[in-house]
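Let me begin by presenting the structure, written as structure tokens, before commenting on it.
The numbers here are math on the coordinates, done by the rules we state, and not lab data. Computed from a prediction, not measured in an experiment: that's the story for all the values here. Positions of Cβ are generated from backbone atoms using ideal geometry, with glycine treated the same way; all protein chains shown enter the neighbour counts.
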Amino acid sequence: MKLFLDTGNVREIEALAALGIIDGVTTNPSLMAKEGGDPVAILKRICDIVKGPVSGEVVATDVEGMVREGRDIAAIDEHMVIKVPFTKAGVQACKVLAHEGHKVNVTLVFSATQALLAAKVGATFVSPFVGRLDDIATDGMRLIEEIVDIYQNYEFGTEVLVASVRHPIHIVQAARMGADVCTCPAPVIEAMFRHPLTDLGLERFLKDWEKAQASRA
Ligand code: G3P
């Protein structure tokens with residue numbers, strides 16, 4: 001399963017990409033707004049760092065506007081993926097952009113029917129938001145299970161990109177279900193590393209080693 005970072009923060013991306021575990025990045029207008037600065041320059045810098053798929057989202061809400069903005073996003077770098085919201089206009093824009101050979105990530109997906117439609121118009125990625133479903137007392141991961149099943153039945157090429165990930169259990173469940181990608185905020189990726197028994201175990205190994213060295217001296 002691929003791991004993407006869900007952030008527009010270049011420093012976070014640099015730090016985690018250096019570990020060799022980041023396959024791509026997703027951004028959205030809220031994340032980019034938090035960073036300030038020139039969004040085009042930031043997206044270009046992110047592409048240079050990760051050298052994998054980087055989603056940049058359109059803010060137009062009509063088909064023509066989304067297609068125009070989508071082409072501009074794609075022109076930033078060969079790694080750019082055009083993110084469009086799941087609306088009727090977004091579905092139409094996805095079809096046009098996908099036919100032109102662009103990679104499209106259909107976002108704000110909250111149901112299996114939406115995911116089916118996104119696949120039919122050639123989306124490269126579909127982004128179901130699991131955390132926001134959990135927030136309204138609906139099992140977000142159940143939706144991932146449904147989408148993975150549906151895509152397998154018809155061999156759609158669209159990749160299931162689990163978004164709105166809030167904790168490492170979401171990642172474990174996504175991997176067990178066979179989701180293609182999980183996009184996570186940096187603190188969730190950091191949490192994947194931590195285990196108190198690893199820290200205690202290492203501490204004990206080093207102490208034992210030092211003791212043995214000292215007794216030999
Ligand atoms: O990038 C889209 C998604 O991952 C947002 O997550 O935490 O704002 O629901 P969240």
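Laid out as a table, the results:
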read-out: Options Val148, His195, Ser111, ranked by Cα towards positive dipole end of the chain, top entry (Cβ charges); value: His195
read-out: Interchain or long-range residues, amide H under 5 Å from Lys83's placed H; value: Gly56, Glu57, Val58, Asn105
read-out: Proximal lysines relative to Lys2, as straight alpha-carbon distance under 23 Å, when same-chain residues fewer than 8 apart are discounted; value: Lys44, Lys51, Lys83, Lys103, Lys120
read-out: Contour minus Cα-Cα distance for Arg71 and His167 (0.36 nm per residue); value: 31.2 nm
read-out: Contour minus Cα-Cα distance for Glu203 and Glu14 (0.36 nm per residue); value: 65.2 nm
read-out: Table column - 3J(HN,Hα) (Hz), the range 61-75, Karplus curve with 6.51, -1.76, 1.60, x for Gly and Pro; value: 10, 9, 4, 4, x, 5, 5, 4, 5, x, 5, 5, 5, 4, 6
read-out: Cα-based Rg and Dmax for the range 2-216, where Dmax is the largest Cα-Cα distance (Å); value: 19.7, 77
read-out: Amide H partners (placed H, <5 Å) of Ile21, local residues excluded; value: none
read-out: Magnitude of the charge dipole, the chain, Cβ model with Lys/Arg +1 and Asp/Glu -1, debye to 20; value: 300 debye
